[in-house]
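Student: Here it is, the structure in full.
The values are calculated or read from the model by the stated rules, or taken from the named source; none is laboratory data. Here the structure is a predicted model, which is why all the values come from computation and not from measurement. Virtual Cβ from ideal backbone geometry, glycine too; neighbours counted across all protein chains shown. To get the accessible areas, we keep the full protein, side chains included, count just its heavy atoms, and leave off ligands, DNA and RNA. Shrake-Rupley method; radii C 1.70, N 1.55, O 1.52, S 1.80 Å.
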Amino acid sequence: MNRIVRLESENVMRLKAVSIEPGDEKMIVVGCLNGLGMSSTLDSIEYALGGKSVVPAKPIRDGEEEARVVVELDDIIVTRKFVDGRAGQLVVEGKDGKRFRSPQRMLDE
């Protein structure tokens, strides 16, 4: 079973930046005042792993030109960059640095 060992998200929706490393914790609590990016933090994970169909028309924070999400799982690292409001580049690589040729298909499986 894959679990998130690190999350970095920048300029996604209302979120400026967040970095989370849960360590050995079985659960972490994501909380803050309303409107500061709690939902955007969780949405970042979905946008990185779920594919273009789950990404909204405007995933980038107002005033920014690009956004990035990195989700490190037990055995892979998923990086999705957004440019001009599109789900731009998706890279999925193993911990050994090897990139998967069909990254979204690999995630879907």
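Student: Working only within the stretch 42-70, note down all residues that are over 14 Å from Leu107 (Cα atoms), open to solvent by 10 Å² or more (accessible area, probe 1.4 Å) and small (Gly, Ala, Ser).
Tutor: Across the stretch 42-70, the qualifying residues are Ala57, Gly63.
Student: Quick one: would you say Leu73 is under 26 Å from Asp24 (Cβ atoms) and either charged (D, E, K, R) or open to solvent by less than 30 Å² (accessible area, probe 1.4 Å) (or both)?
Tutor: yes
Student: Test Val18 against the criterion of being in contact with a Phe, Trp or Tyr (Cβ under 9 Å, 6 or more places away or on another chain), open to solvent by less than 90 Å² (accessible area, probe 1.4 Å) and either aromatic (Phe, Trp, Tyr) or in a strand (DSSP E or B) (or both), and give yes or no.
Tutor: So Val18 fails the test.
Student: All but one of (1) surrounded by 11 or more Cβ atoms within 10 Å (Cβ to Cβ); (2) over 24 Å from Arg3 (Cβ atoms); (3) modelled with pLDDT of 90 or more hold for Met13, so report the exception by its number.
Tutor: Unmet for Met13, out of (1) surrounded by 11 or more Cβ atoms within 10 Å (Cβ to Cβ); (2) over 24 Å from Arg3 (Cβ atoms); (3) modelled with pLDDT of 90 or more: (2).
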